[in-house]
Amino acid sequence: MTCQRCQDEAVVHLTELVDGRRRERHLCAGCARKAGLVLPEAPADLGLDAVLTSLIKKHVGELVGELAESSCPDCRLRYVDFRTSGRLGCPHDYRAFREGLLPMLQRFHGATRHVGKRARVRPGAALRLRLRSRLRQAVAREDYEEAARLRDQIRPKDQNE
């Protein structure tokens, strides 16, 4: 699609309703800037990533502007991608994007430290898991005597819960 003013490639597509009628405008980056439809400091390429980064920097602050350029060293998720999708990529993102996440957590939850319920840690849970794993392996090997011995070790532990 070409610009309606200069015949360059159109990168801004605007649909307006004027007096109940739909009006479409297709402009290149330069003509859109002249018409006041694009922020003057918006990147020239007007790609989605560049526009989102620019908007985040403009409306949320320079700290986020620095974060927008950062990425997690483990999963390579960029902060700007997290902000657009709302999903983190791995547990290490909490550390990588700490400066941006703390204000959001404060705003959402009223605190930045977990104070709610935690999973109950049952005594001997790790031992039971190991015994059950060994039991499955014994059954897979068809070592039924070992499986029966392991089953007998697991039963009293399960009844005590």
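The values are calculated or read from the model by the stated rules, or taken from the named source; none is laboratory data. Being a predicted model, the structure only gives us computed values, none of them experimental. Quick reminder, even Gly has a Cβ in these numbers, built from the backbone with ideal geometry, and neighbours come from all protein chains shown. Accessible surface areas use protein heavy atoms only, side chains included; no ligands, DNA or RNA. Shrake-Rupley method; radii C 1.70, N 1.55, O 1.52, S 1.80 Å.
Just to be sure I understand, how many residues within the stretch 115-124 are touching a residue at least 24 places away in the same chain (Cβ under 8 Å) and β-branched (V, I, T)?
Count: 0.
Which residue pairs have Cβ atoms closer than 7 Å, lie 6 or more positions apart in sequence or on different chains, and pair a first residue in the stretch 92-114 that is without any contact (Cβ under 8 Å) to a residue 12 or more places away in the chain and among the aliphatic types (A, V, I, L, M) with a second residue that is open to solvent by 100 Å² or more (accessible area, probe 1.4 Å) and assigned to a helix (DSSP H, G or I)?
Qualifying pairs under 7 Å: L101/Y94.
L39 versus (1) modelled with pLDDT under 70; (2) over 30 Å from H26 (Cβ atoms); (3) among the aliphatic types (A, V, I, L, M): which is the lone unmet condition?
For L39, the exception is condition (2).
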